[in-house]
Amino acid sequence: MSVVVGYVPTREGETALDHAVAEARARKTRLVVVNTSRGDALVDQRYVDEEQLAALEERLDGVEHLVVHAMRGREASEEILAVAQEHRAELVVIGLRRRSPVGKLLMGSTAQRVLLDAPCPVLAVKP
Amino acid sequence: MDVWSSLLGGFATALTPENLLYALLGVLLGTAVGVLPGLGPAMTIALLLPVTFALPAENAFIMFAGIYYGGMYGGSTTSILLNTPGESSSVVTAIEGHKMAKAGRASQALATAAIGSFIAGTIGTVLLVVLAPLVVKFAVSLGNPSYFAIMVLSLLAVTAVLGSSRLRGFCALGLGLAIGLIGADQISGQRRLTFGQPLLVDGIDVVVVAVAIFAVGEALWVAAHLRRTAAHVIPVGQPWMGKEDWKRSWKPWLRGTAFGFPFGALPAGGAEIPTFLSYVTEKRLSKHPEEFGHGAIEGVAGPEAANNASAAGTLVPMLSLGLPTNATAAVMLAAFTQYGIQPGPLLFDREPQLVWALIASLFIGNTLLLLVNLPLAPAWARLLQIPRPYLYAGIVFFATLGAYSVNLQAFDLGILLVLGLLGFMMRRFGLPILPLILGVILGPRLEKQLRTSLQLSDGHISGLWSEPVAVVVYVIVAVVLVWPLLARLLRRTPVGAAIENEHEKVDAR
């Protein structure tokens with residue numbers, strides 16, 4: 001069993017990670033951190049680079065954890081759900097943020113897909 | 001003076017609210033395609049050609065002028081923040097610019113690039129105003145043989161001087177000239193390369209060729225090579241410069257302008273050579289040579305000024321002789337033809353309002369670009385987060401729509417695909433695009449000059465060198481052709497070797 005968290009280097013992502021670490025400690029189980037990109041744009045600020053990855057590992061020191069850092073052309077929601085399935089997640093943690101009406105029109109909602117399709121309870125946190 | 005009153009007249013045309021709007025639109029579009037690597041002003045203008053048929057010529061050209069200058073500004077933003085040049089002319093900017101950004105001086109790099117581009121663009125445009133009428137005065141005295149010679153020179157120079165391989169350059173030029181031959185002979189009416197296909201008798205529309213080679217070819221290339229990448233743009237605030245930065249930038253700006261303008265104005269100048277020369281010069285003259293390679297502001301200021309000055313310089317032969325020396329100028333020349341305007345030395349006499357409005361809008365566009373780019377450069381960088389499949393799907397859609405709307409023939413879509421595949425193969429085998437486009441656009445005009453010259457001399461080939469200017473130009477052609485031998489000799493001298501080394505360093509990047 002494990003706790004799976006969708007991580008992006010933003011305020012929402014950091015909050016989600018904080019809560020996920022706390023949950024994993026309380027449940028005495030493994031933490032799986034997911035950070036992925038579809039990789040079809042030239043730039044993706046939410047995909048962590050080497051430096052951020054090292055910082056992340058340092059922060060997770062002392063917690064039993066696994067970082068899934070991959071670029072496989074799939075949506076973030078698909079990646080999180082696949083990882084949750086694979087690691088038999090007992091909890092998925094995601095960060096939520098407000099979206100403007102235009103933002104809702106242009107971008108799909110990763111959070112909604114995870115909430116509706118996750119095989120286990122989902123903890124949604126706000127910064 | 002006459003020139004200045006004409007220029008004021010041009011401003012009067014260009015400053016109407018409607019034309020200002022088109023200038024702004026052009027500037028925004030130009031910056032956007034400049035920021036995105038792989039897209040450039042030439043492709044954008046080609047895609048817009050069919051759309052702009054509905055507009056009066058002035059509006060269209062004012063917009064094109066904005067796109068042309070805008071591409072130069074946008075390219076530097078990507079170079080500095082991502083280390084991927086947005087345009088070929090900002091390759092050198094990336095060397096020092098990205099180092100500066102990594103050292104936390106991205107704001108200064110962006111500022112010196114934008115202000116340098118503005119200053120160089122303005123000086124370049126003033127030089128264009130002064131020089132173009134002089135060149136026209138000289139050019140109207142030229143006969144057909146001299147014209148033929150100058151066109152041969154410019155085609156050869158673009159093919160042989162630019163690019164890494166002459167063989168590939170000549171292959172591309174040959175392809176372009178062959179495409180230009182398709183259709184009925186202008187004088188005898190004989191059908192050439194039509195393969196019995198009546199729809200080919202009118203020739204292939206230049207718009208279809210340009211859209212296919214630039215847009216469809218690039219889209220296929222990206223589709224075949226879509227690598228999964230997720231780079232990071234270096235975060236940056238408002239671009240600004242300190243006193244020290246100004247002090248270190250203004251000389252490189254002026255020197256860069258001095259390199260860029262003449263190279264742009266020569267047939268076959270291009271922006272790559274002067275930006276490179278400017279970089280090498282700044283490195284040599286700098287009081288802080290130790291900073292080069294670690295983010296020296298001079299290495300951004302000089303090349304960025306050079307590429308904008310060269311963009312202005314390119315318009316001198318384009319407007320006064322009808323000779324394009326880069327891809328964007330070539331497509332703009334095709335646009336003149338689409339509007340039924342004959343490019344050449346008579347352009348200033350026949351279409352003074354259009355030409356001066358175009359030149360005035362260069363000043364306006366340049367100013368708008370500074371205003372749009374200086375505070376908004378970081379926002380432009382966000383365009384890089386657009387998923388490429390969406391971007392290229394849109395481009396292919398516009399390409400198809402444009403190619404169809406030229407003649408409303410489904411047949412043109414077939415040609416679009418075939419030439420798009422050709423464009424893809426050219427990228428695959430490293431053939432440069434520019435000689436092909438120049439071949440298609442200049443080929444028929446070259447042929448016309450040749451035929452007229454031969455008619456004037458009663459079919460004697462000696463008629464081709466009957467004018468002194470033609471003889472001089474043929475001598476230069478000979479020099480261009482034996483240049484590799486000269487370069488080999490030059491390489492043995494220390495200066496030549498130094499330049500060669502720098503070249504290799506840049507190539508190795």
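General observations
- Single unsatisfied condition, B:Leu446 versus (1) closer than 30 Å to B:Gly38 by Cβ; (2) modelled with pLDDT of 90 or more: (1)
- Residues (more than 9 Å from chain B (Cβ to nearest Cβ) and either surrounded by fewer than 19 Cβ atoms within 10 Å (Cβ to Cβ) or assigned to a loop (DSSP other than H, G, I, E, B) (or both)) located in region A:35-47: none
- Within region B:351-409, the residues that satisfy the criterion of being under 27 Å from B:Ser79 (Cα atoms) and among the charged types (D, E, K, R) are B:Arg382, B:Arg388.
- Every residue from region B:406-431 that is buried (at least 18 other Cβ atoms within 10 Å of the Cβ) and touching a Ser or Thr at 6+ places or on another chain (Cβ under 8 Å): B:Leu416
- Taken over region B:164-211, the residue count meeting the criterion of being part of a loop (DSSP other than H, G, I, E, B) and under 30 Å from B:Ile273 (Cβ atoms) is 2.
- When B:Glu290 is tested against (1) farther than 27 Å from B:Phe276 by Cα; (2) over 17 Å from the mean Cα position of the chain (by Cα), only condition (1) is not met.
- The one condition in (1) more than 30 Å from B:Thr13 (Cβ to Cβ); (2) surrounded by fewer than 23 Cβ atoms within 10 Å (Cβ to Cβ) that B:Pro352 fails to fulfil: (1)
- Of the set (1) in a helix (DSSP H, G or I); (2) free of Cβ contacts under 8 Å to residues at least 40 places away in the same chain, all apply to B:Pro343 but (1).
- Residue list for region B:31-51, filter: in a loop (DSSP other than H, G, I, E, B) and within 14 Å of chain A (Cβ to nearest Cβ): B:Leu36, B:Pro37, B:Gly38, B:Leu39
- Among (1) surrounded by fewer than 24 Cβ atoms within 10 Å (Cβ to Cβ); (2) within 14 Å of chain A (Cβ to nearest Cβ); (3) within 17 Å of the chain's Cα centre (by Cα) - the single one B:Ser88 does not satisfy: (2)
- All positions within region B:393-435 that are closer than 15 Å to B:Asp205 by Cβ and within 23 Å of the chain's Cα centre (by Cα): B:Ala399, B:Gly402, B:Ala403, B:Leu416, B:Leu419, B:Gly420
- The condition (being surrounded by 14 or more Cβ atoms within 10 Å (Cβ to Cβ) and out of contact with any Pro (no Cβ under 8 Å at 6 or more places or on another chain)) is satisfied by just one residue among A:Val8, A:Val92, A:Val102: A:Val8.
Every residue, every condition in (1) at pLDDT 90 or above; (2) buried (at least 24 other Cβ atoms within 10 Å of the Cβ); (3) under 25 Å from B:Ile395 (Cα atoms), yes or no:
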site	(1), (2), (3)
B:Ser5	no, no, no
B:Leu21	yes, no, yes
B:Leu29	yes, no, yes
B:Phe64	yes, yes, yes
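- Positions within region B:138-157 being more than 25 Å from the chain's Cα centre (by Cα) and of a type outside the set (A, V, I, L, M), in sequence order: B:Ser141, B:Gly143, B:Asn144, B:Pro145
- B:Gly180 being under 28 Å from B:Glu218 (Cα atoms) and over 18 Å from the mean Cα position of the chain (by Cα): yes
- Some residue of region B:59-78 being within 14 Å of chain A (Cβ to nearest Cβ) and over 17 Å from the mean Cα position of the chain (by Cα): yes
- The set of residues in region B:52-71 that are among the aliphatic types (A, V, I, L, M) and not in a helix (DSSP H, G or I) comprises B:Ala54, B:Leu55.
- Within region B:296-327, the set of residues being assigned to a helix (DSSP H, G or I) and touching an Asp or Glu at 6+ places or on another chain (Cβ under 6 Å) comprises B:Glu298, B:Gly299, B:Val300, B:Gly302.
- Residue among B:Leu358, B:Leu354 that is more than 14 Å from chain A (Cβ to nearest Cβ), in a helix (DSSP H, G or I) and in contact with an Asp or Glu (Cβ under 7 Å, 6 or more places away or on another chain): B:Leu354
- Complete set of residues in region B:214-249 that are free of Cβ contacts under 8 Å to residues at least 60 places away in the same chain and part of a helix (DSSP H, G or I): B:Lys243, B:Glu244, B:Trp246, B:Lys247, B:Arg248
- The residue that is modelled with the highest pLDDT, among those in region B:371-395 that are crowded, with 18+ Cβ neighbours inside 10 Å and more than 14 Å from every other protein chain (Cβ to nearest Cβ), is B:Ile395.
- Flag for B:Ala330 being of a type outside the set (S, T, N, Q), part of a helix (DSSP H, G or I) and either touching a strand residue (DSSP E or B) at 6+ places or on another chain (Cβ under 6 Å) or farther than 20 Å from B:Lys448 by Cβ (or both): no
- Index of the failed condition, B:Gly174 passing every other in (1) under 22 Å from the mean Cα position of the chain (by Cα); (2) crowded, with 17+ Cβ neighbours inside 10 Å: (2)
- Region B:195-240 - residue that is more than 26 Å from B:Pro432 (Cα to Cα) and among the polar types (S, T, N, Q) and, of those, farthest from the other protein chains (Cβ to nearest Cβ): B:Gln197
- Within region A:48-76, the set of residues being away from every other protein chain (no Cβ under 12 Å), touching a helix residue (DSSP H, G or I) at 6+ places or on another chain (Cβ under 8 Å) and part of a loop (DSSP other than H, G, I, E, B) comprises A:Leu60, A:Val63, A:Glu64.
The values are calculated or read from the model by the stated rules, or taken from the named source; none is laboratory data. Every value quoted in this text rests on a predicted model; they were computed, and no experiment measured them. Cβ atoms come from the backbone with ideal geometry, glycine included; neighbour counts cover every protein chain shown.
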